[in-house]
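J.: After the structure tokens below, expect a handful of questions from me.
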Amino acid sequence: VGGKGGKGGGGKVPWSFCHVCDDPDSLGLMALSQKVPDTWVDWRHGGRRQRDRMHSTVLLNMTEARHLERLKRLAESTAPLQIEVRELFCQRVDRIKDAEVYCIGIGLASESLRALKDAWTSEEQAERRQTHVPYDSEGHVSLVYVRGECRQQAESFVEQHRSGMQGGRLTLDHVTYQDEFGKDHRIALTGRGDGPPPRKVARRGSTKAGPPKEIDGSVLEGGGQILRMSSSYSVLFGQPIHIAKIRAGRSKPGLAAQHLESLRLARDVSAGSMTNDWIGSCDVTLTPGGLSPGTFWADPGTAGAITLMVQASLVPLLFAGGDCKCELKGGTDVSWSPPLDFLRHVLRPTLARMGASFDVDCPLRGFFPAGGGHVQVQTRALEGPLSAVDLGDRGAPKIAKGRMYSTKPLGNDEQAVVQVVRGALADLAPEVIVEFSVVPGANNVGKYWLDVVVETSTGALFHGGAEAKDLPGFGKGWGKNKGSGTLPERFQAAAAEAAEPLRKQLATGAAVDCHLADQLILPASLAAGTSRLLVAELSMHARTAIHIAELMVPGVKFREEKRGDLSLLEIDGVAYFLPEGDDAGSVVTAVAPTALAMPALDGYDEDIVSLPAGALTKAAPELREEFENDMAALAEGVGAKIVVNVPGNHLVISGKPRERKEVKAQLKDVLDFYFGSGASK
């Protein structure tokens, strides 16, 4: 093989790839490409791929000599690659900014190609791996670039030809390395089947044997909630699922683009597979693999809600065994879906009380109908089960925070707008804060909107929002997305739109936002201990979430008790955690209701000790500080680690069995001293 590796005088960046269109056109790629009418093709932005450009990336940025030498070495032990067509797709090309362009292409499945990439990157530092393999998928090939106005015809074309393309197989006996001068070098795969060493980043869990669990997609809410909940549990427990009668009662049955992309995201997070995954499909089968950390992408090509895609993947990402990143495209602030601020300022801090840690960044807002928003979610790995959350006491409203947004500056009207919004929110809480931000919007739209969050004395959070509307001079036509009047008058109307449902929620006395309850069912069902949610009423989304949880989570228990006009929902979680190397869906011993009776988690060197309800959350700050200092001293003296989880009202004791036993022996008197006699029983 020629080429020395590295970026030399030629000026090009070396890389490697697989040609997947052989002379006989075994996969039918050329034949399919030629069926796309010339009138659809965007010749200025990619056109129609020729045979020699129908390739799938192996490794990028092979800028050092050792990169090529490593690939050669691995090729000697790698047998010819087995490639299979996983899907035929039509997706918008986001990198093209000056036009709306869609790509018709194929997604590939190849465990042997994945193993080759993983073996190569395992010798790189973790922070460098994404430089060489930026995609977590096993490969894709672009065939034709289509003009935006032909999108519907292109999507119909894909639906027509999907079944004929899926499952096509090809064996590749070499990969191609292109050097800094643009010259191609063939690297033969000469192994006899032993292949490269396995991936060093272990996948957590495995797929359960047996037939998939049957899920009826038409019951209760009968929509996306069933898909999101069941796919999350599927990848967490390694349980294959078959969802039938998807959205059967809706005006347009079957998968919409957003639902499809949520399912694909769950599939990718678990390195699984899926069948019948196309827009309009009324049944789908998801077979998960194992969870592992990585970077994942999702883009429905529409204004589909990003927050709902997050809902489908967030909890599995937290249990993936390492830090994860998701790059998500679509709508950030659209009708009938939680807006981005709900995710940031209600769901995220509530899950933080349960021990979950993740960040949400938004480089670009997206709106109906074009979408185009961009959200980045980064999760940090959990080190044990989630903690139960107690939202059984609303407390009194403490602070209302209004966040006003516009995609364009308001000029001289900004101060007047802030003042009228502050006045419109004045009765929501003793303290009112109003902020204004100019944020970038996709497609140069001119939009304004408002989100309000009320926090109570117990930390309960409630959200109200006004839908995004066109700024003066932007948009066309009339309807609910058209504002009227001056800018202060428009924002005053937006504040009234956001505040009215908040007032109604607060008047009920519930401790959980009406749109938050259903999103807490999944994490609470997996948590260690009993979560308490005081709600005005259980929505159909919440009852659907409970139905799926009872169907898929062994040992979870729900109790609903009427409290006047309110309902208290208690959820006994199963203390789910997946230590490295365990089988998928290991459910560790649930946390005992008393303090020192908790056995060590199976396969995990820590104990969880529950404290009396409110022992830490309702304690004076000075008392908590003294208690934490005493716990630190105890841990140092014994040689163990004690984490004081204030929101969860429990302790996490880590160390060897002897050390944990010694901590618990000394802990009895300490707990009785701080929290009264019997606290340690």
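The values are calculated or read from the model by the stated rules, or taken from the named source; none is laboratory data. Note that the coordinates shown come from a computational prediction; the quantities given were computed from them, not determined experimentally. Every residue, glycine as well, gets a Cβ built from its backbone with ideal geometry; the counts of neighbours run over all protein chains shown. Calculation scope for accessible area: heavy atoms of the full protein, side chains included, ligands and nucleic acids excluded. Shrake-Rupley method; radii C 1.70, N 1.55, O 1.52, S 1.80 Å.
J.: What tally of residues in the range 130-176 results from selecting those that are assigned to a loop (DSSP other than H, G, I, E, B) and free of Cβ contacts under 8 Å to residues at least 60 places away in the same chain?
T.: Matching residues across the range 130-176 total 1.
J.: Every residue in the range 606-656 that is open to solvent by less than 50 Å² (accessible area, probe 1.4 Å) and either part of a helix (DSSP H, G or I) or among the basic types (K, R) (or both), please.
T.: Of everything in the range 606-656, those that are open to solvent by less than 50 Å² (accessible area, probe 1.4 Å) and either part of a helix (DSSP H, G or I) or among the basic types (K, R) (or both) turn out to be F627, M631, L634, A635, V638.
J.: Kindly indicate whether any position in the range 38-53 is farther than 17 Å from D179 by Cα and in a strand (DSSP E or B).
T.: Yes, the range 38-53 has at least one match.
J.: Cβ-Cβ below 6 Å, separation at least six or inter-chain, first residue in the range 429-449 and of a type in the set (A, V, I, L, M, F, W, C), second open to solvent by less than 20 Å² (accessible area, probe 1.4 Å) and part of a helix (DSSP H, G or I): which pairs?
T.: These pairs meet every condition: V434/V418; V434/V421; F436/V418.
J.: Go through the range 321-331 and count every residue that is crowded, with 19+ Cβ neighbours inside 10 Å, farther than 20 Å from H541 by Cβ and at pLDDT 90 or above.
T.: 4
J.: Follow-up. If you check V41 against the conditions, is it open to solvent by less than 10 Å² (accessible area, probe 1.4 Å), under 25 Å from M274 (Cα atoms) and among the aliphatic types (A, V, I, L, M)?
T.: When the stated conditions are applied, V41 does not pass them.
J.: Exactly one condition in (1) within 21 Å of F237 (Cα to Cα); (2) open to solvent by less than 20 Å² (accessible area, probe 1.4 Å) is not met by A305; state its number.
T.: Among (1) within 21 Å of F237 (Cα to Cα); (2) open to solvent by less than 20 Å² (accessible area, probe 1.4 Å), A305 violates only (1).
J.: Also: P240 passes all but one of (1) crowded, with 24+ Cβ neighbours inside 10 Å; (2) under 30 Å from D118 (Cα atoms); (3) at pLDDT 90 or above; (4) of a type outside the set (S, T, Y); which number fails?
T.: Only one criterion is unmet by P240, namely (1).
J.: While we're looking at this one, here's another question. From the list V315, V334, which residue is β-branched (V, I, T), out of contact with any Gly (no Cβ under 7 Å at 6 or more places or on another chain) and either open to solvent by 20 Å² or more (accessible area, probe 1.4 Å) or assigned to a strand (DSSP E or B) (or both)?
T.: Exactly one of V315, V334 is β-branched (V, I, T), out of contact with any Gly (no Cβ under 7 Å at 6 or more places or on another chain) and either open to solvent by 20 Å² or more (accessible area, probe 1.4 Å) or assigned to a strand (DSSP E or B) (or both), namely V334.
J.: Quick check on my filter: what residues within the range 155-167 are in contact with a helix residue (DSSP H, G or I) (Cβ under 9 Å, 6 or more places away or on another chain) and surrounded by fewer than 19 Cβ atoms within 10 Å (Cβ to Cβ)?
T.: Hits for the range 155-167 are H161, G164, M165.
J.: Of all residues being charged (D, E, K, R) and modelled with pLDDT of 90 or more in the range 185-225, which is farthest from E550 (Cα to Cα)? Just the residue, please.
T.: R186
J.: Just one of the numbered conditions (1) under 25 Å from H650 (Cα atoms); (2) open to solvent by 10 Å² or more (accessible area, probe 1.4 Å); (3) in a loop (DSSP other than H, G, I, E, B) is not true of M354; which one?
T.: (2)
J.: Among the residues of the range 54-77, how many are crowded, with 17+ Cβ neighbours inside 10 Å and touching a strand residue (DSSP E or B) at 6+ places or on another chain (Cβ under 9 Å)?
T.: Count: 12.
J.: Next question. Given the conditions (1) at pLDDT 90 or above; (2) touching a helix residue (DSSP H, G or I) at 6+ places or on another chain (Cβ under 6 Å), and given that S142 satisfies all but one, which numbered condition is not satisfied?
T.: All conditions are met except number (2).
J.: Another question, then. Quick check on this structure: which one of E127, E123 is assigned to a helix (DSSP H, G or I), open to solvent by 60 Å² or more (accessible area, probe 1.4 Å) and modelled with pLDDT under 90? Don't jump to the end; show me each part of the working.
T.: Values: E123 fails: assigned to a helix (DSSP H, G or I).
Only one candidate qualifies: E127.
J.: When A524 is evaluated against the numbered criteria (1) modelled with pLDDT of 95 or more; (2) within 25 Å of L317 (Cα to Cα); (3) open to solvent by 10 Å² or more (accessible area, probe 1.4 Å), which criterion, by number, is the only one it fails?
T.: If we test A524 against (1) modelled with pLDDT of 95 or more; (2) within 25 Å of L317 (Cα to Cα); (3) open to solvent by 10 Å² or more (accessible area, probe 1.4 Å), just (3) comes out false.
J.: Is it fair to say L533 is aliphatic (A, V, I, L, M), more than 22 Å from S231 (Cβ to Cβ), open to solvent by less than 30 Å² (accessible area, probe 1.4 Å) and part of a helix (DSSP H, G or I)? First the steps, then the outcome.
T.: Details: aliphatic (A, V, I, L, M): yes; more than 22 Å from S231 (Cβ to Cβ): yes; open to solvent by less than 30 Å² (accessible area, probe 1.4 Å): yes; part of a helix (DSSP H, G or I): no.
The answer is no for L533.
J.: On to the next question. Is it the case, given these coordinates, that D98 is in contact with a Lys or Arg (Cβ under 8 Å, 6 or more places away or on another chain) and not small (G, A, S)?
T.: On the way: in contact with a Lys or Arg (Cβ under 8 Å, 6 or more places away or on another chain): no; not small (G, A, S): yes.
The answer is no for D98.
J.: Might you check whether a residue that is at pLDDT 90 or above and closer than 30 Å to P369 by Cα occurs anywhere in the range 163-173?
T.: No, the range 163-173 contains no residue that is at pLDDT 90 or above and closer than 30 Å to P369 by Cα.
J.: Shifting gears a bit: Looking at D94 and the list (1) assigned to a helix (DSSP H, G or I); (2) under 33 Å from the mean Cα position of the chain (by Cα), which single condition is not satisfied?
T.: Of the numbered conditions (1) assigned to a helix (DSSP H, G or I); (2) under 33 Å from the mean Cα position of the chain (by Cα), the odd one out for D94 is (1).
J.: In addition: Taking the conditions exactly as written (open to solvent by less than 60 Å² (accessible area, probe 1.4 Å) and either of a type outside the set (A, V, I, L, M, F, W, C) or assigned to a helix (DSSP H, G or I) (or both)), does L671 satisfy them or not?
T.: Answer is yes for this residue.
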